[in-house]
């Protein structure tokens, strides 16, 4: 089992690396999901995910896409978008994914190369900050 520490990792880069590992047949556990970050202006990030959360189907609003407000489920949803989940290989890969808030496994996680932002990135927002904007009442 591959244990990945998401502390300080960029969400998109982390998600693509995790998706690739899942499709290669590995079991992956991501710890500290709430500490993963988005880079860029906070208002732009908030606007992007607010639009996604409020997207409603006019024909049947009950069938609209659901976007979670809990960090581990939101990161899991982002990773799901990078896997061909409607095919058999994608479904099996997605079943091998575990995402945790904090470190309940009490094990040391690996920092993946290429997922950390460059040192000159000043604008950033953690996944926990984004989820708190949507009503998550975690730590």
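The values are calculated or read from the model by the stated rules, or taken from the named source; none is laboratory data. What you are looking at is a predicted structure, and each value in this text was computed from that prediction instead of being measured. Because the Cβ atoms are built from the backbone with ideal geometry, glycine has one as well, and the counts that use them run over all protein chains shown.
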Odd one out for residue 125 among (1) surrounded by 12 or more Cβ atoms within 10 Å (Cβ to Cβ); (2) modelled with pLDDT of 85 or more; (3) in contact with a strand residue (DSSP E or B) (Cβ under 9 Å, 6 or more places away or on another chain); (4) within 14 Å of residue 28 (Cα to Cα): (4)
Name the pairs whose Cβ atoms lie under 8 Å apart, with the first residue in the range 52-66 and exposed (fewer than 10 other Cβ atoms within 10 Å of the Cβ), the second at pLDDT below 75, and 6 or more positions between them or separate chains? 63/57
Any idea which of 19, 33 is under 17 Å from residue 128 (Cβ atoms), modelled with pLDDT of 90 or more, in contact with a helix residue (DSSP H, G or I) (Cβ under 7 Å, 6 or more places away or on another chain) and surrounded by 14 or more Cβ atoms within 10 Å (Cβ to Cβ)? 33
Pull up the range 77-97, narrow it to residues that are touching a residue at least 60 places away in the same chain (Cβ under 8 Å), over 11 Å from the mean Cα position of the chain (by Cα) and assigned to a helix (DSSP H, G or I), then point me to the one that is nearest to residue 126 (Cα to Cα). 94
Kindly indicate whether any position in the range 61-76 is more than 19 Å from residue 136 (Cα to Cα) and not in a helix (DSSP H, G or I). yes
